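Peer 1: The following block contains the structure, expressed as structure tokens.
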There are 2 protein chains.
Amino acid sequence: MTTDAKASARERLLEAAATLTYRDGVGIGVDALCKAAGVSKRSMYQLFESKGELLAASLEERASAFVATLLPAADDGRSPRERIMHVFDQLTSQAGAPDFQGCRYLAVQIELKDQSHPASRVAHRVKANLTAFFRAEAEQGDAGDPDLLARQLTLVFDGASARAGIKADTPTGLIAPTVTVLLDAAGMR
Amino acid sequence: MTTDAKASARERLLEAAATLTYRDGVGIGVDALCKAAGVSKRSMYQLFESKGELLAASLEERASAFVATLLPAADDGRSPRERIMHVFDQLTSQAGAPDFQGCRYLAVQIELKDQSHPASRVAHRVKANLTAFFRAEAEQGDAGDPDLLARQLTLVFDGASARAGIKADTPTGLIAPTVTVLLDAAGMR
């Protein structure tokens, strides 16, 4: 393959892995992934050591979009409280989409049941960054216990998106009041 | 098979399905299930129409233990608030076990990604019963909005158990303060 063809095959595999794993789960086969990407298995194994490595790379590549979609711009002039609410407003909006299946970074860890799997490690790091964002804002907003508030907000993020993903609940009228109660209790500005 | 042998094969299959699916995920093969249960595939298909039906039956059978372990006895004399806290104390205690992988009824729905699957339907019903318990207690305790409180408590249940299951957080120092804030905000007795 030329360098361009390699880049393109790599991108198509990453896209197929992200899309099909989200839709069908981590059990999706290598054949299905290669077929969806229009890439031979031989080429796939030239680009990625294993399906696990491909999955990890696809989660890694999605991480910047995950952050960009959820998190507010740095120094956007809003209060820490508003910046936290921004994340949950984005989640509420995403969770309304018919193909929403919850947070992909939570799902992959639940499905793999192996925290040492390369994809679990990526997912864990991406979500730890979300908790770190909450913690920094909590501190900026003079929360009584910034650590606790950050853990609570991540819990709400995961619980609400999981329940919306399985269609057990809708985020509307649930996420915002829950987050508000927690921010109030923490004394957040 | 005699009636006794059938009952025993059925029980072993249900046990194997519950244990292996929880540990390894819904992708576990029929061969592995039959091997663990010491039952031939032919016998399995005499007892269950499909792996999906076996999985659904195993979740159904576990439901009474799930309820008995989590929920307080009816009319135990405690306040609705204490009765709700009992559920979360039980969850906190369960989540401390090294083999805890989160709530099996949430995991199966996330993994199957198909809410019409027989096992998803069972799981959905079991969790809806938990929400109904919360709602009844919220009403008894004069919560301002019993529906909202019941949804919030189920969200915390799922979020906290999922995060403990993937070892992203521990329930200690997280579940109790979060539930307390929500009960207080709802004006629960």
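Peer 1: What's the local net charge at A:D145, with K and R +1, D and E -1, over the other residues with C-beta under 12 Å away?
Peer 2: -1
Peer 1: May I ask you to derive the FRET efficiency for B:S40 and B:A68 from their Cβ-Cβ distance with R0 = 22 Å, giving the value to the nearest 0.05?
Peer 2: Computed FRET efficiency for B:S40 and B:A68: 0.10.
Peer 1: Pulled fully out, how much extra length does the chain show between A:V30 and A:D147, if you take 0.36 nm times their separation in residues and subtract their Cα-Cα distance?
Peer 2: Using 0.36 nm per residue and subtracting the Cα-Cα distance, I get 38.1 nm.
Peer 1: Ok, one more. Kirkwood Rh over Cα pairs of the range A:1-48 into Stokes-Einstein at 25 °C, 0.890 mPa s: D in µm²/s?
Peer 2: 231 µm²/s
Peer 1: Where q = 0.12, 0.23 Å⁻¹, what log10 of I(q)/I(0) comes from the Debye formula for the range A:1-102, counting one point per Cα?
Peer 2: Scattering profile of the range A:1-102, log10 relative to I(0): -0.52, -1.14.
Peer 1: Where the label is 7 Å out from Cα toward Cβ, how close does A:T172 come to the same position in every other copy, in nm, shortest first?
Peer 2: A:T172 label point versus its equivalents elsewhere: 4.2 nm.
Peer 1: When chain A is modelled as a GNM with alpha-carbon springs shorter than 10 Å, which of A:G159, A:G102, A:G38 fluctuates the most?
Peer 2: Answer for the Gaussian network model of chain A: A:G38.
Peer 1: If you don't mind, another one. Averaged across the residues of B:126-137, what count of C-beta atoms belonging to other chains lies within 10 Å of each residue's C-beta?
Peer 2: If you average over the peptide's residues, the count of other-chain Cβ atoms is 1.
Peer 1: Now a separate question. Tell me which B residue has its C-beta closest to the axis rotating B onto A, and the distance in Å?
Peer 2: Here the value is B:G159, 1.
Peer 1: Tally Lys and Arg at +1 and Asp and Glu at -1 over the other residues with C-beta under 13 Å from the C-beta of A:H86: what net charge comes out?
Peer 2: So the environment of A:H86 carries a net charge of -1.
Peer 1: Could you give the alpha-carbon Rg of the protein assembly as shown over 2.2 N^0.38 Å, rounded to two decimals?
Peer 2: 1.05
Peer 1: While we're on this one: Nothing charged except the Cβ atoms of Lys and Arg (+1) and of Asp and Glu (-1): what's the magnitude of the dipole of the range B:1-48 about its Cα centre? Round to the nearest 20 debye.
Peer 2: 120 debye
Peer 1: Please order B:S8, A:S58 by the number of other Cβ within 10 Å, starting at the fewest.
Peer 2: Going from sparsest to densest Cβ surroundings: B:S8, A:S58.
Peer 1: Tell me which aspartates and glutamates have Cα within less than 13 Å of A:K51's Cα, excluding those fewer than 8 residues away on the same chain?
Peer 2: A:D31
Peer 1: Which shape class applies to chain A: rounded if a/c is under 1.5, otherwise prolate when a/b exceeds b/c and oblate if not, where a ≥ b ≥ c are the square roots of the Cα gyration tensor eigenvalues?
Peer 2: Since a/c reaches 1.5 and a/b is larger than b/c, the shape of chain A is classed as prolate.
Peer 1: Percent relative contact order of chain B, based on C-alpha pairs within less than 8 angstrom and at least six residues apart?
Peer 2: Relative contact order of chain B: 21 percent.
Peer 1: Any chance you could run the full-extension gain for A:E49 through A:T172? It's 0.36 nm times the residue separation minus the Cα-Cα distance, nm to one decimal.
Peer 2: Residue separation times 0.36 nm, minus the Cα-Cα distance, leaves 40.1 nm.
Every number in this text was worked out from the coordinates using simple rules, so none of it is lab data. Predicted, not measured: the structure shown is a model, and the values here were computed from it. Cβ: placed from backbone, ideal geometry, glycine included. Neighbour counts: every protein chain shown.
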